[in-house]
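Take a look at the structure below.
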Amino acid sequence: MGTNFITAQQVSKSFGTKHVLTDIDLTLPAGTIYGLIGPSGAGKTTLVKSIMGMEKVDHGTVTVMDAVMPNRQVMAKIGYMAQSDALYETLTARENLTFFGQLMSVAPKQLKQTIAYAANLVNLTKDLDLRVSDYSGGMKRRLSLAIALIQNPNLLILDEPTVGIDPELRQQIWEELNNLKATGKSILITTHVMDEAERCDYLMLIRRGIALAQGTPAELKAKYQVDSIEQVFLKAGRLQDADHSNR
Ligand SMILES: Nc1ncnc2c1ncn2[C@@H]1O[C@H](COP(=O)(O)OP(=O)(O)O)[C@@H](O)[C@H]1O
Ligand SMILES: [Mg+2]
């Protein structure tokens, strides 16, 4: 494989007459946590789905693990957590994990082990045999994350994984994402929570489908001469607005 897990070049996408993504470039090397940061409606989910090959782009190309997307085989190798939970409500969490593990061809012997690992990571071990219909929103998010991890993927794409998750567990999840990164895995994560941005190695700040700024948190703060990513966002956003009104 080349050095990058994901290469997106000049990706544009519209729904009808609405431009949702405009000329987006994104490169995700191995062993990196890449954060897509932006407010609701910015285009994060559309970009993630375009990278997954679930949305057809109007313009540009996406390559994941050397394959031009869409590509079913590559898609199946990605640990993907969608923004809305896709779980079987009438089954227990363990049954959901088993089902998805089998779907992803995890060997039966290994599956028991990975279910234990993933459940422990998201703090669901004692609730594994409850039906998902009895789960809270936060528990469902955690189960979805466990499912994304079940096949031990080298590439994780997580769309707002920490929504509805309490701060303590969020901390644990970030620690584990860092552990996964240390083993050479790559993670693309979306969030609208600015303090999570600081935990990423590299960021794209996205607003109205346009990449406002890209770089490491330290680079961005230095470039805009501010001391938080939130302030980078505000400053870059104002520049975007000024740029628009000058046209
Ligand atoms: N299938 C769709 N059809 C029409 N508009 C869509 C569709 N999906 C997303 N959009 C619009 O695209 C914009 C970006 O949405 P989305 O990618 O979900 O943003 P984010 O994940 O950053 O909140 C929004 O204005 C949303 O309403
Ligand atoms: Mg979204």
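The values are calculated or read from the model by the stated rules, or taken from the named source; none is laboratory data. Quantities reported herein were computed from a predicted structural model and do not represent experimental measurements. Neighbour counts run over all protein chains shown; Cβ positions are idealised from the backbone, glycine included. Areas reflect the complete protein model, heavy atoms only, side chains present, ligands, DNA and RNA absent. Shrake-Rupley method; radii C 1.70, N 1.55, O 1.52, S 1.80 Å.
Determine, yes or no, whether K13 is within 16 Å of ligand 2 (Cβ to nearest atom), of a type outside the set (A, V, I, L, M), farther than 20 Å from T191 by Cβ and open to solvent by 60 Å² or more (accessible area, probe 1.4 Å). Criteria not met by K13. When N96 is tested against (1) within 23 Å of Y202 (Cβ to Cβ); (2) more than 14 Å from the chain's Cα centre (by Cα); (3) surrounded by 21 or more Cβ atoms within 10 Å (Cβ to Cβ), exactly one condition is not met: (1). Looking only at the stretch 39-53, residues that are in a helix (DSSP H, G or I), closer than 21 Å to D195 by Cα and near ligand 1 (Cβ under 7 Å from one of its atoms) come to 2 in all.
K181 meets the stated requirement of being in contact with a strand residue (DSSP E or B) (Cβ under 6 Å, 6 or more places away or on another chain) and of a type in the set (D, E, K, R).
For the stretch 195-211, state whether one or more residues are assigned to a helix (DSSP H, G or I) and within 16 Å of ligand 2 (Cβ to nearest atom). Yes: the stretch 195-211 contains one or more residues that are assigned to a helix (DSSP H, G or I) and within 16 Å of ligand 2 (Cβ to nearest atom). Scanning the stretch 1-21 for residues that are among the polar types (S, T, N, Q), more than 12 Å from ligand 1 (Cβ to nearest atom) and in a strand (DSSP E or B) yields N4, T7, Q9, Q10, S12.
Residues that are in a strand (DSSP E or B) and either open to solvent by 80 Å² or more (accessible area, probe 1.4 Å) or out of contact with any strand residue (DSSP E or B) (no Cβ under 8 Å at 6 or more places or on another chain) (or both) within the stretch 54-91 comprise H59, A67, V68, listed in sequence order.
Of the residues L111, L169, L156, the single one that is farther than 23 Å from V48 by Cα, of a type outside the set (G, A, S), in contact (Cβ under 8 Å) with a residue 12 or more places away in the chain and in contact with a Gly (Cβ under 6 Å, 6 or more places away or on another chain) is L111.
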